[in-house]
Structures are given as structure tokens and as C-alpha cells.
Amino acid sequence: MRYLSILLLCLLPALSFAGVAKDIADDPVMERRMMLLAEKVRCLVCQSEPVSNSHSDWSKDVRQIMREKMQAGASDQEILDLLVERFGKSVLFDPPVDKETMPLWSAPFILLLLGGAGLFYQLRRRKGQVVDVELSAQEQLRACALLNDPDLKDTPQKDTHA
Amino acid sequence: MMRFILPFVIFLVLSVFLYKGLGRDTREVPSPLVGRAAPAFVLPLLHEPEKKFSPKDMQGKVWLLNVWASWCGACKDEHPLLMELSRQNIVPIVGLDYKDKAVDGEMTLRRAGDPYSLVIADLDGKVGFDYGVYGVPETYVIDKQGVIAYKLIGALTAKNLRETILPMVAGLQAK
């Protein structure tokens with residue numbers, strides 16, 4: 001009796017059916033296309049996350065609208081344009097280069113130019129400051145002696161620079 | 001001298017930018033819809049679904065479109081202000097019940113009070129999407145020609161009502 005009930009219990013899992021996860025869109029090709037496009041779109045409620053990764057309601061809505069538009073035959077660009085029209089260029093992670101976004105795009109180059117100019121100026125100035133000092137014969141000898149001296153650290157250093 | 005002034009100036013400029021950044025709401029995104037015609041739609045009224053509303057019906061009037069929902073917490077914060085505004089009778093407020101169940105929306109208004117001239121039901125959120133809604137509540141000021149003059153993302157406060165929205169409404173009404 002005991003073995004029979006154990007046997008029956010072992011059979012129990014066979015009775016449990018899990019619903020098969022349904023493809024969100026019936027068309028997996030379109031679903032992949034949608035997800036690729038959704039990667040380019042910023043989730044406005046979570047800011048630094050693309051719509052493709054986000055679990056927010058808003059992102060779900062956007063994905064649903066993308067599916068609907070794709071089913072209706074819209075191109076990727078048309079869908080992005082539609083989103084920009086409603087939510088502004090900041091929905092795109094890669095906003096188009098135009099008058100409004102010019103400061104954003106040009107900032108790194110401007111900073112690079114400024115830094116380069118600063119560096120150039122500094123180097124020019126320093127070049128003017130370094131003066132080649134002609135050593136006299138006596139100083140030459142002393143320099144050689146110092147360089148060969150194994151106890152260089154102990155010899156008192158005399159500042160010969162201007 | 002220059003050695004000290006230059007880093008100090010850079011530090012000051014950075015500080016100003018960072019300080020400004022502190023007070024900014026990163027959720028706020030400038031809406032491209034401001035200055036454009038309010039998107040057209042036809043939606044049923046929440047209380048009388050057989051009746052329809054379209055923004056055209058408000059032609060010639062300055063009006064507020066307030067997007068809310070029964071599930072929205074910040075909407076409860078701004079609700080007393082809306083009640084007060086509707087008592088003053090300055091400007092018609094159209095409520096748009098966004099992604100909600102009609103029953104829940106109606107219950108909320110019955111319990112808390114209904115500040116709206118009329119309430120439209122955007123139960124699937126399609127119209128909200130057309131208006132670029134991504135956080136509820138949102139409030140739009142729409143002028144006599146049906147152009148969106150202003151969009152507020154987030155709850156109304158006594159301050160932005162007094163300093164921004166009401167002066168704007170008065171200005172548009174005088175036009």
C-alpha cells in the first residue's frame with residue numbers, strides 16, 4: 001500500500017501542465033526586428049535603459065505600438081520619426097545631428113581643440129623658458145667627476161643652474 | 001597668477017553647471033508638441049460613453065487637458081488644486097482618464113470629487129501616446145486655435161499654477 005502510494009505520488013508531476021510561453025508577436029522575425037529597433041529608443045521613465053530591456057508600462061506600450069506599426073507596414077525610420085514627433089529627440093540614444101543637437105555633438109571636439117590649444121601654448125612657453133647653459137671647461141670636469149662618483153648622493157649638491 | 005586664476009575659473013564654471021543640474025528633474029523632457037496643434041482624436045466621455053468628445057469642440061476657448069488615472073499616486077496630490085481651480089471657474093479643465101478601468105475612474109471621482117468640466121476615457125492609452133504622455137499626471141494648456149501652449153509633466157503645484165499656468169491662461173484668453 002505504501003509503495004503504491006509513493007508510486008502514485010511519483011506519477012503526480014505528469015498531471016501538471018505548464019502553459020507554453022507564447023511568442024509575444026506571432027511572427028518571430030518581426031519580433032526580432034522590433035527588439036533591434038527598441039534598442040535604439042530610450043525608456044523615458046527609466047532614462048538610461050533602452051525600451052527593449054525595460055519592464056516599465058510605458059516601454060511595453062512603445063513595443064506594442066512598434067509591433068502594430070510594423071504589422072501595418074511601417075519602416076523602422078518611420079517608427080522612429082513617429083516617436084521623435086511625440087517625445088522629442090531625446091528618445092533616441094543616437095540623436096540626429098542638426099541645429100538643436102549641434103552643441104551636444106560638437107562638444108567633444110571643441111573640448112579637444114581647447115585642450116590641444118592649451119597644451120600647445122604651454123609647450124611653446126616652456127620652450128622659451130629653458131635656456132641652454134654653456135659650461136666652462138672647469139664645470140665640464142666637475143660634471144664628469146660627479147657623474148662617475150659612486151658616492152654621488154653624499155656629495156653636497158651645488159646648484160649651478162641659473 | 002594665471003596659474004591660479006584659470007583652474008579657479010574652470011572650477012566656478014563646473015560648479016554652476018553642477019548646481020543647476022541639482023535642481024533639474026531628469027524626467028522632464030522638453031515636449032516637441034508645444035507650439036503645435038493638439039493631435040486630433042474622438043473619445044467617449046467617461047460618464048456617458050455614448051457621447052463623444054473631440055478637441056475641436058473646444059475651438060475658440062482656452063482650456064486645460066489634465067491627464068490622470070485612478071492608479072496614479074501623484075494625481076491625488078494635485079487633486080485639491082484642481083478642485084480649487086474648478087471652483088474659481090477660470091478655465092475649463094478636461095480630464096483624460098489614461099489607461100484605466102472606467103469603473104475605477106468613476107469611483108475615484110465620486111469619492112474624491114470631480115474637478116473636470118468633462119472627463120474623457122482613454123482606456124487603452126492610444127490618445128495619451130499621441131500626446132506624448134509618459135508619466136501621469138500631465139497637464140496641457142491649449143489655446144483658442146487648438147495649439148498646445150504648454151505642457152507640464154508631473155503634478156501641479158500651487159507654485160507652478162500661480163506662476164506659470166494661470167498667467168499663461170490669462171494671456172491666451174486676452175488674445
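Quick note: the coordinates plus some simple rules give every number you see, no bench work behind them. Since this is a predicted model, take the numbers as computed values, not measurements. FYI the Cβ positions are ideal-geometry reconstructions off the backbone, even for glycines, and counts take in every protein chain you see.
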### Task
Over every pair of different alpha-carbon atoms in region B:101-175, take the mean of 1/r and invert it; report that Kirkwood radius in Å.
14.2
### Task
Measure out, as a whole number of angstrom, how far apart the alpha-carbon centroids of region B:93-153 and region B:1-71 sit.
15
### Message
I'd like the FRET efficiency for B:Lys101 and B:Phe17, computed as 1/(1 + (r/R0)^6) with the beta carbon distance as r and R0 of 45 Å, rounded to 0.05.
### Response
0.50
## Note on the structure
Measuring from the longest principal axis of the C-alpha atoms of chain B, the long axis of helix B:2-22 (C-alpha) lies at a number of degrees, nearest 10, equal to 10
### Rg to Rh, two decimals, where region B:23-103 supplies the alpha carbon set and Rh follows Kirkwood
0.97
### Query
How would you rank A:95-102, A:123-130, A:31-38, highest first, on the average number of other Cβ atoms within 10 Å across their residues?
A:31-38, A:95-102, A:123-130
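Under unit Cβ charges (Lys, Arg +1; Asp, Glu -1), what dipole magnitude, rounded to 20 debye, does the protein assembly as shown have relative to its Cα centre? Write down the numbers at each step before the final one.
Values: 41 positive and 42 negative charges, 115 e Å.
Here the protein assembly as shown has a charge dipole of around 560 debye.
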### Query
Over the Cα atoms of chain A, how large are the radius of gyration and the largest Cα-Cα distance (Dmax), in Å?
36.3, 115
### Summary
Sorted by chain and then number, the residues having a modelled amide H within less than 5 Å of the amide H of B:Val147, at least 5 places away or on another chain, are B:Ala38
### Query
To the nearest 20 debye, what charge dipole does region A:25-91 have about its Cα centre, counting +1 at the Cβ of each Lys and Arg and -1 at the Cβ of each Asp and Glu?
160
### If the convex hull is drawn through the Cα atoms of chain B, its volume per residue in Å³
141
### Task
Provide the per-residue ³J(HN,Hα) series for region B:48-55, in order, calculated from phi with Karplus coefficients 6.51, -1.76, 1.60 and θ = phi - 60°, each as a whole number of Hz, with x at glycine and proline positions.
10, x, 6, 8, 10, 10, 9, x
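Given the pairs A:Lys89/B:Lys151; A:Lys40/A:Lys69; B:Lys56/B:Lys144; A:Lys89/B:Lys144; A:Lys40/B:Lys151, which span a C-alpha to C-alpha distance of over 19 angstrom in this model? Working shown, then result.
Numbers: A:Lys89/B:Lys151 16 Å; A:Lys40/A:Lys69 16 Å; B:Lys56/B:Lys144 10 Å; A:Lys89/B:Lys144 28 Å; A:Lys40/B:Lys151 25 Å.
Where the Cα-Cα span goes over 19 Å, the pairs concerned are A:Lys89/B:Lys144; A:Lys40/B:Lys151.
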### Query
Rounded to the nearest 5, what % of the DSSP beta bridges within the protein assembly as shown are antiparallel ones?
60
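Where Rh denotes the Kirkwood radius from the mean inverse Cα pair distance, what is Rg over Rh for region A:25-91? Write out the running numbers ahead of the final one.
Numbers: Rg = 11.0 Å, Rh = 11.7 Å.
Rg/Rh: 0.93.
Where in chain A are the DSSP H helices whose C-alpha atoms run 24 Å or more along the long axis and whose mean Kyte hydropathy is at least -0.5?
Working: long enough: A:102-129 (40 Å, 0.36).
In chain A, the long hydrophobic H runs are A:102-129.
What net charge is computed for the residues neighbouring A:Val84, neighbours being all others with C-beta under 14 Å from the C-beta of A:Val84, Lys and Arg scored +1, Asp and Glu -1? The partial results should precede the final answer.
Numbers: positive: A:Lys40, A:Arg42, A:Lys69, A:Arg86, A:Lys89, B:Arg36; negative: A:Asp76, A:Glu78, A:Asp81, A:Glu85, A:Asp94, A:Asp98, A:Glu100, B:Asp130.
Cβ neighbours under 14 Å give a net charge of -2.
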### Task
Could you order peptides B:166-173, B:4-11 by the average number of other Cβ atoms within 10 Å of their residues, highest first?
B:166-173, B:4-11
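Averaged across B:125-134, how many Cβ atoms of other chains sit within 10 Å of each residue's Cβ atom? Walk me through the numbers on the way to the answer.
On the way: counts 5, 3, 0, 2, 9, 3, 1, 7, 4, 12.
For this peptide, the per-residue mean of nearby foreign Cβ atoms is 5.
For B:His47, A:His55, what's the fewest-to-most ordering of other Cβ within 10 Å of each Cβ?
Values: B:His47 16, A:His55 9.
Placing the least packed residue first, the sequence is A:His55, B:His47.
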### Query
Can you give the mean number of other chain Cβ atoms that lie within 10 Å of the Cβ atoms in peptide A:37-49?
1
### Summary
According to the Cβ-distance criterion of 4.7 Å, cysteines of chain A with no possible disulfide partner are A:Cys10, A:Cys144
### Query
Taking the C-alpha atoms of the protein assembly as shown, how large are the radius of gyration and the largest Cα-Cα span, Dmax, in Å?
33.4, 115
